[in-house]
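Take a look at the structure below.
The values are calculated or read from the model by the stated rules, or taken from the named source; none is laboratory data. Being a predicted model, the structure only gives us computed values, none of them experimental. Methodologically, a virtual Cβ is constructed for each residue, glycine included, from the backbone with ideal geometry; neighbour enumeration extends over all protein chains shown. Keep in mind that these areas ignore ligands, DNA and RNA; they rest on the heavy atoms of the full protein, side chains included. Shrake-Rupley method; radii C 1.70, N 1.55, O 1.52, S 1.80 Å.
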Amino acid sequence: MPQKTLAEGSRAGAPAVEHGGAASPKRWWILAVVAVAQLMVVLDATIVNIALPSAQTDLGFSDGSRQWIVTAYALAFASLLLLGGRIADLFGRKPAFLVGVVGFAAASALGGAANGFTMLVIARALQGAFGALLAPAALSLLNTTFTDARERARAFSVYGAIAGAGGAVGLLLGGVLTDALDWRWTLYVNVAIAVVAFAGGWLLLSNHRDAADAKLDVPGTVLVAAGLFSLVYGFSNAETHDWGSPLTWGFLIAGGLLLAAFAWWQTRTAHPLLPLRILLDRDRGASFLAVLITGAGMFGVFLFLTYYLQLNLGFSPTKTGVAFLPMVGALMVAAQLGTTMLLPRIGPKAVIPLGFAIATAGMAWLTGIGVGTHYASAVLPQLIVIGAGLGLVMPTAMQLATGGVAAEDAGVASAAVNAMQQVGGSIGTALLNTLASTAATNYLAGRDATSKLVQAQATIESYTTAFWWSAGLFAAGALIAFLLYRRGVPRQDAGAAPVVHM
């Protein structure tokens, strides 16, 4: 394949081909390996959640301690993502990928063998740390693997679909493993997945250090890691305590100040951890916001709908996971449609607001659930609509968020996308949990709280409140995307799809 430049094929100016100038003959196998690794990381955001009650009974920890099984992973993952992405740029994506896979598998095995609460929390934190190395390396590997614009769009639709649907798949797999085997297998399963990813990565990947001459920005690393940690911890504390807690606001304010100091430092240092040119492109900035909003709003689908299906409709963990599969299918179909057909023809200013609008309609429709409603009529069609909407948003936004980035910045740009999704999820967790809890409390006020019917209706009130707020988040996303994205489609060669630099 003749070499292209982004000046010929896109708005940005970085080279859009592999270092050798030709497409790798192993590229589709490499996509499979990268997809498997990404699935392993995404699964762990939800797969352990379904197993938590069983783990709590087995290990004997309290309800108050339970949240740390989830929070430990989120804190380590979010705070170390930019460092992980920069390590991939500096020392090579293949070693970063392989070390991330091995470390993630070892941490998962440690968690599966946990003999107490402390050991399990440490294992989850280690999973998050190695996931922060693995996820940006996997995403940035697509950059040097796919050189043809149409093939990149197709590959990224697969990757984006996994990022969007992985939470639902995690619920399904977590339910199956917990029901059929034991909660520990929700962690042990990563070892089997890692063997496939490591073998494929070892055999198929080549190594290249695009930023080999750069140096690690140690002050920037400390500032951004502490800032992201404080931000995620603050939102997590709001979920378990309340928004008026001094600890909540203290960490949120500290996180904001640390991230502001990080942004200032990036303009001063010769070797910035996150060059601000990555964030200041208009389309890329809009895409980062779209990923953040999607991460926040999707929480309303997965968590509260899981509660509804299990507690109100009596679904088993396995049946709950199966119930999400139509959403996954719709998301994957829409991902292909959005990245390979709609984006090259009508551009992001139409595609992403359209996706958000469809997801808004689906979430609003989902508020029609009640104590006596049925899955087939009150949940299934709505999930398909939501999946179709998010399928247009998530892969397209992730593609554009890393589009046009120079090769030496690909890892850290990929990490920034993952960080946005993680911070968005943390915001959604705290915000929607608080709003849902308040709605249930308000409903019970002045009613007979001992009545089972009243209690059931209070839970419905909490779910629908969360769904309405998720709909509001998606509606805000539609407006923001429409206002921020440039008109038209990314410039391209005749007959070619837009070049996406991953």
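One table, with the values for the structure above:
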read-out: Qualifying residues in region 439-480 (those that are open to solvent by 60 Å² or more (accessible area, probe 1.4 Å) and small (G, A, S)) - the one nearest to F302 (Cα to Cα); value: A445
read-out: Long-range neighbours under 9 Å by Cβ, at least six apart or interchain, first residue farther than 11 Å from N190 by Cα within region 108-121, second at pLDDT below 90 and of a type in the set (V, I, T); value: A114/V121; F117/I69; L120/I69; V121/I69; V121/T71
read-out: Selection within region 379-400 - open to solvent by less than 10 Å² (accessible area, probe 1.4 Å) and within 25 Å of A458 (Cβ to Cβ); value: V379, Q382, L383, I386
read-out: Test result for S54, out of contact with any strand residue (DSSP E or B) (no Cβ under 8 Å at 6 or more places or on another chain), assigned to a helix (DSSP H, G or I) and surrounded by fewer than 24 Cβ atoms within 10 Å (Cβ to Cβ); value: yes
read-out: Test: residue in region 473-481 that is in contact (Cβ under 8 Å) with a residue 12 or more places away in the chain and over 28 Å from I427 (Cβ atoms); value: no
read-out: Hey, D63 at pLDDT below 80 and open to solvent by 10 Å² or more (accessible area, probe 1.4 Å) or not; value: yes
read-out: All positions within region 183-205 that are surrounded by fewer than 16 Cβ atoms within 10 Å (Cβ to Cβ) and either at pLDDT below 85 or not in a helix (DSSP H, G or I) (or both); value: L203
read-out: Test: T465 is at negative phi, polar (S, T, N, Q) and touching a helix residue (DSSP H, G or I) at 6+ places or on another chain (Cβ under 7 Å); value: yes
read-out: Any hit, region 108-123, residues being assigned to a helix (DSSP H, G or I), within 13 Å of A37 (Cβ to Cβ) and open to solvent by 10 Å² or more (accessible area, probe 1.4 Å); value: no
read-out: Subset tally (residues that are at pLDDT 75 or above and open to solvent by 10 Å² or more (accessible area, probe 1.4 Å)) for region 126-171; value: 4
read-out: Any hit, region 235-248, residues being touching a Leu at 6+ places or on another chain (Cβ under 6 Å) and not polar (S, T, N, Q); value: no
read-out: Test result for T396, hydroxyl-bearing (S, T, Y) and outside any helix (DSSP H, G or I); value: no
read-out: Selection count where residues are open to solvent by 50 Å² or more (accessible area, probe 1.4 Å) and either closer than 10 Å to S230 by Cα or among the hydrophobic types (A, V, I, L, M, F, W, C) (or both), scope region 245-257; value: 5
read-out: Selected residue (criterion: least open to solvent (accessible area, probe 1.4 Å)) from residues of region 481-502 that are over 20 Å from the mean Cα position of the chain (by Cα) and modelled with pLDDT of 80 or more; value: Y485
read-out: G21 vs. criteria surrounded by fewer than 20 Cβ atoms within 10 Å (Cβ to Cβ), in a loop (DSSP other than H, G, I, E, B) and at pLDDT below 70; value: yes
read-out: Qualifying helices (runs of 4 or more DSSP H) (wholly inside region 216-329; at least 2 residues being among the small types (G, A, S)); value: 218-240, 246-266, 282-307, 317-323
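Listed here are the residues, each with its yes/no results for (1) modelled with pLDDT of 70 or more; (2) under 19 Å from L126 (Cβ atoms); (3) buried (at least 22 other Cβ atoms within 10 Å of the Cβ).
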position	(1), (2), (3)
A14	no, no, no
A32	yes, no, no
A35	yes, no, no
L43	yes, yes, yes
V48	yes, yes, yes
D58	yes, no, no
